[in-house]
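Working notes, beginning with the structure itself.
The values are calculated or read from the model by the stated rules, or taken from the named source; none is laboratory data. Being a predicted model, the structure only gives us computed values, none of them experimental. Cβ atoms come from the backbone with ideal geometry, glycine included; neighbour counts cover every protein chain shown. Remember, those area values only see protein heavy atoms, side chains included, never the ligands or the DNA or RNA. Shrake-Rupley method; radii C 1.70, N 1.55, O 1.52, S 1.80 Å.
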Amino acid sequence: MRSRDYGQDVLAGGRRPRRGQLRRVAAQRGLVVEDAAGEFCGAVVFCEKDAVTLEDRHGRRRVFPLAPAPFLLAGQPVMLVRPAEDRPGGDSGAAGRTASGSVAAPPGRAKVARASRIYVEGRHDAELVEKIWGDDLRDVGVVVEYLGGVDDLPAIVAEFSPGPGCRLGVLVDHLVDGSKESRLAASVQSAHVLVTGHPFIDVWAAVKPAVLGIPAWPRIPPGTPWKEGVLAAVGWPPDTAAAWQRILRSVTRFTDLEPEFLGRVEELIDFVTAPDGG
């Protein structure tokens, strides 16, 4: 898997930039960074010889020079460099790419499943993870399981018995600071358990509206069921199951998703596939 910034995590503490020489990081598509002034945060969509284009969660794009100003990656200054495969003589066509943007592994025998696991709350969330990261997860032998609700989390963690070589990653739906869900998540965190989540009221909103041909996700008044309100506002038939299938079909690669969702999933995959992750 490619190294990524994961964006702000409501369970993470403050991080201070390290001093010394700046770390050089390849500006791979999907990498989420901030400009040096902290005024624009977005995912890399293009990288040319001397400049990089970032796209924020609203679909706005800005071009920044690769030097001399650094970028902020996970709150720490780094120097972005052009990926090796994009340089003259690079091996840009040697291998295909998966929907997540990773280099596709050559066909081979089925991998033995790792002891480590990822749980995903919400069936739609799990289906979206499978759509974009399924090939990557099968290649590294990570099994994804469905989490019915965050209230089940303490019992699941206790039964799983995480430890060295047996890590547990959990993606929680609509995890916001100060909520009951965030307190439950924090209560089970450890060196071998990582619980994180996306901020969207529903995983539908993790899909960029432009992918669906709408200008933005509509604001739904309090008291109105969100999905039903969305369908009425955008003029789709009042069938949430059919709407979800329409949304899922429209998503074909990682650039169709918001950075806040991308970062969370990549963080979990990196966590459970770390050298001591099983």
Item checked: Rounded to the nearest 10 Å², the accessible area of Glu48 at probe 1.4 Å -> 110
Checklist line | For His174, solvent-accessible area (1.4 Å; no DNA, RNA or ligand), Å² | finding: 70
Next item on the list: With a Förster radius of 22 Å, plug the Cβ-Cβ distance of Ser250 and Arg61 into 1/(1 + (r/R0)^6) and report the FRET value to the nearest 0.05.
Entry: 0.60
Next item on the list: Considering only Gly197, Gly169, Gly101, give the residue with the highest GNM mean-square fluctuation for the chain, with springs between Cα atoms whenever their separation is below 10 Å.
Entry: Gly101
Notebook entry, point to check: At a probe size of 1.4 Å, how large is the accessible area of Lys180, to the nearest 10 Å²?
Noted result: 100
Margin query: How far apart, in nanometres, would the label points at Asp276 and Arg123 be if each is projected 7 angstrom from Cα along the Cα-to-Cβ direction?
Written below: 3.9
Margin query: At a 10 angstrom cut-off on C-beta neighbours, averaged per residue, how do the peptides 238-245, 52-59 rank from highest to lowest?
Written below: 52-59, 238-245
Next item on the list: Just need the relative contact order of segment 168-244 here, percent rounded to a whole number, with Cα pairs under 8 Å and 6+ apart.
Entry: 24
Item checked: Heavy-atom SASA rank of Trp133, Trp217 (probe 1.4 Å, accessible area, largest first) -> Trp217, Trp133
Margin query: Let me check something: with ligands and nucleic acids excluded, how do Phe271, Phe71 order by accessible area (1.4 Å probe), largest to smallest?
Written below: Phe271, Phe71
Next item on the list: Return a whole-number percent for the relative contact order of the chain, with Cα pairs under 8 Å and 6 or more residues apart as the contact set.
Entry: 20
Next item on the list: Please report, in debye to the nearest 20, how large the charge dipole of the chain is about its Cα centre when each Lys and Arg carries +1 at its beta carbon and each Asp and Glu carries -1 there.
Entry: 720
Next item on the list: Could you bin all the Cα-Cα distances of segment 127-278 into 10 Å bins starting at 0 and give me the percent of pairs in each, rounded to whole numbers?
Entry: 10, 36, 34, 17, 4, 0
Check: Roughly how compact is the chain, stated as its Cα Rg over 2.2 N^0.38 Å to two decimals?
Finding: 1.03
Margin query: Before I look further, what does the chain give for accessible area per residue, probe 1.4 Å, in whole square angstrom?
Written below: 51
Margin query: Given a 1.4 angstrom probe, I'd like the percentage of the accessible area of the chain that is carbon and sulfur, rounded to a whole number.
Written below: 52
Item checked: Nearest-0.05 FRET efficiency for Ala242 and Ser190, computed from C-beta distance (R0 45 Å) -> 0.65
Item checked: Hydrodynamic radius (Kirkwood) for segment 187-241, which is based on Cα pairs only, to one decimal in Å -> 13.4
Note to self: Order Glu258, Glu228 by their accessible area, 1.4 angstrom probe, all chains in place, largest first.
What the structure shows: Glu228, Glu258
Next item on the list: Specify which residue in the list Ala37, Gly165, Ala74 is farthest towards the positive end of the charge dipole of the chain, using unit charges on the beta carbon of Lys, Arg (+1) and Asp, Glu (-1), about the Cα centre.
Entry: Ala37
